[in-house]
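To keep things clear, I will list the structure first and then write my remarks on it.
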Amino acid sequence: MSKSVTIYNGTFRKLNGETRTMSFIRRQDLPSNMVNESTISNLEAKTHNEVVYDTEKRAFRQFNWKTVEGDVTETATRFEF
């Protein structure tokens, strides 16, 4: 399935001090059949990080907006899920 989405690119500092650069799609842009709202909401409440879909790993990951380094950029594109 192909869908028009916004892909975000950003770098943040992880708990262990390492940095992670990630290209990701936010939950509101994902197909509804990919999102388990209850599971994601519970995880976000515990970690205080946003659960996002990593476009390179093709898996759900967490993005820590509190430790962002530099700018988070946005690109509108079509993505094949």
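The values are calculated or read from the model by the stated rules, or taken from the named source; none is laboratory data. Remember, it's a predicted structure, so these values are computed and weren't measured experimentally. Counting neighbours? That spans all protein chains shown, and the Cβs are built from the backbone with ideal geometry, glycine included.
Any idea which residue in the stretch 1-15 is surrounded by the most Cβ atoms within 10 Å (Cβ to Cβ), counting only those that are at pLDDT 95 or above and more than 15 Å from THR75 (Cα to Cα)?
PHE12
Scanning for something without any contact (Cβ under 8 Å) to a residue 40 or more places away in the chain and of a type in the set (A, V, I, L, M, F, W, C), does the stretch 20-29 turn up at least one residue?
yes
Taking THR21 as the residue in question, decide whether it is among the β-branched types (Val, Ile, Thr), more than 16 Å from THR6 (Cβ to Cβ) and under 14 Å from the mean Cα position of the chain (by Cα).
yes
If I filter the stretch 50-67 down to residues being surrounded by 15 or more Cβ atoms within 10 Å (Cβ to Cβ) and free of Cβ contacts under 8 Å to residues at least 24 places away in the same chain, which single residue comes out as nearest to LEU30 (Cα to Cα)?
Applying the filter and picking the extreme gives PHE60.
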